[in-house]
Amino acid sequence: MRNEGWGEVDRSTKPQSYIDYLRGVSALDSVQEFKRKSLELMGVRPGDTVLDVGCGAGDEVVALARMVGESGHAVGVDMSETMVAEGRRRAADAGVRADFKVGDAQALPFEDRSFDAVRIERTLQHLPDPDRALRELRRVCRPGRRVVALDPDWGSLVIDSEDEEMTRRLIRVHASHVAHGQMGRELWRRFGDAGFEDRVVECVIAHSTSFAVADAVLGLRETVDEAVRDGAINPVSADHWLDGLRAADEGGRFFAALSGFIVGGRAP
Ligand SMILES: C[S@@+](CC[C@H](N)C(=O)[O-])C[C@H]1O[C@@H](n2cnc3c(N)ncnc32)[C@H](O)[C@@H]1O
């Protein structure tokens with residue numbers, strides 16, 4: 001869930017579970033900070049026309065609609081009909097005017113230079129061709145205005161476990177099940193390669209001291225199942241590792257953290 005299937009939410013037997021997952025992630029203070037910083041970096045002004053690519057359930061489109069005000073225009077685009085429908089619902093509930101469209105980040109359905117600011121959150125990591133998407137984001141952004149991308153870096157995951165070797169192995173499995181599991185650290189370079197100017201970077205560390213929260217957001221049990229399926233670990237050691245984390249949680253000793261990176265650049 002946290003890693004796979006994001007390119008085909010509509011084909012899932014449980015599309016609502018993706019929306020539920022996004023809600024759980026958004027509930028974390030550190031994720032709210034991640035989102036807030038990215039919105040600030042966009043340099044949005046009242047009256048602007050702005051775009052959120054891979055907008056998911058649409059909360060940031062609603063936030064952008066408030067930032068640009070009545071004279072502006074906020075647009076969300078997502079590959080998934082389920083997400084676009086949820087975005088429309090949330091905008092209506094929030095009483096803001098915003099448009100949502102189904103579309104591919106790698107071939108955006110918009111004219112050149114049609115937006116004053118563009119963002120893409122936790123989506124580049126899942127795309128077959130993230131560089132093509134960045135070139136598309138640059139194409140639709142007006143010269144001198146900003147494109148902002150944010151992604152975690154799954155290679156930066158830390159989990160305080162007594163079994164360090166097993167933890168390292170599981171973190172590798174975890175990252176390998178995302179198309180671009182180290183997108184966070186690659187954003188700076190990819191923005192440069194895509195021709196963005198005046199690049200800026202911000203870092204956020206999300207942490208959890210609760211096994212239940214970390215499991216829901218990071219998919220710890222799911223990763224263990226994947227590692228067993230991949231043959232990277234045996235089921236007995238897998239259970240032992242998870243039991244160790246649960247025991248740590250009961251003793252108030254559980255800790256996990258993940259780094260997220262935000263990169264912004266001006267369209268030339
Ligand atoms: C992890 S979610 C992030 C959603 C949202 N940006 C957020 O931060 O809450 C990834 C989103 O990218 C969308 N997505 C996946 N592939 C896409 C593509 N090729 N073009 C546009 N959106 C895509 C998914 O439908 C999903 O809504």
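The values are calculated or read from the model by the stated rules, or taken from the named source; none is laboratory data. Keep in mind that this is a model prediction, so the values were computed, not measured. Quick reminder, even Gly has a Cβ in these numbers, built from the backbone with ideal geometry, and neighbours come from all protein chains shown.
Brief remarks on what is shown
- For Ala238, the test of being part of a helix (DSSP H, G or I), crowded, with 20+ Cβ neighbours inside 10 Å and at pLDDT below 95 is failed.
- Boolean, Leu39 is modelled with pLDDT of 90 or more, within 12 Å of the ligand (Cβ to nearest atom) and closer than 22 Å to Val201 by Cα: yes
- Note on the range 179-200: residues that are closer than 25 Å to Gly144 by Cβ and touching a Phe, Trp or Tyr at 6+ places or on another chain (Cβ under 6 Å) amount to 2.
- Condition broken by Gln125, with the remaining ones in (1) part of a helix (DSSP H, G or I); (2) more than 27 Å from Gly231 (Cβ to Cβ); (3) within 18 Å of the chain's Cα centre (by Cα) satisfied: (2)
- For the range 255-268, the set of residues classified as among the hydrophobic types (A, V, I, L, M, F, W, C) and part of a strand (DSSP E or B) consists of Ala256, Ala257, Leu258, Phe261, Ile262, Val263, listed by residue number.
- Residue within the range 131-143 that is near the ligand (Cβ under 10 Å from one of its atoms), small (Gly, Ala, Ser) and either surrounded by fewer than 22 Cβ atoms within 10 Å (Cβ to Cβ) or within 21 Å of the chain's Cα centre (by Cα) (or both) present: yes
- Every residue from the range 241-254 that is buried (at least 18 other Cβ atoms within 10 Å of the Cβ) and either among the β-branched types (Val, Ile, Thr) or outside any helix (DSSP H, G or I) (or both): Phe254
- Contacts under 7 angstrom Cβ, first residue in the range 37-66 being closer than 11 Å to Val118 by Cα and hydroxyl-bearing (Ser, Thr, Tyr), partner more than 16 Å from the ligand (Cβ to nearest atom) and not in a strand (DSSP E or B), 6 or more apart: Thr49/Gly72; Thr49/Ser114
- Any hit, the range 109-120, residues being more than 9 Å from the ligand (Cβ to nearest atom), under 23 Å from Arg185 (Cβ atoms) and crowded, with 16+ Cβ neighbours inside 10 Å: yes
- Residue that is under 24 Å from Asp153 (Cα atoms) and touching a Pro at 6+ places or on another chain (Cβ under 7 Å), where the choices are Val224, Val228, Val217: Val228
- All positions within the range 144-162 that are part of a helix (DSSP H, G or I) and either of a type outside the set (Phe, Trp, Tyr) or surrounded by fewer than 21 Cβ atoms within 10 Å (Cβ to Cβ) (or both): Gly155, Ser156
- Taking the range 189-206 as the range and being under 16 Å from the mean Cα position of the chain (by Cα) and crowded, with 16+ Cβ neighbours inside 10 Å as the test, the residues that pass are Glu202, Val204, Ala206.
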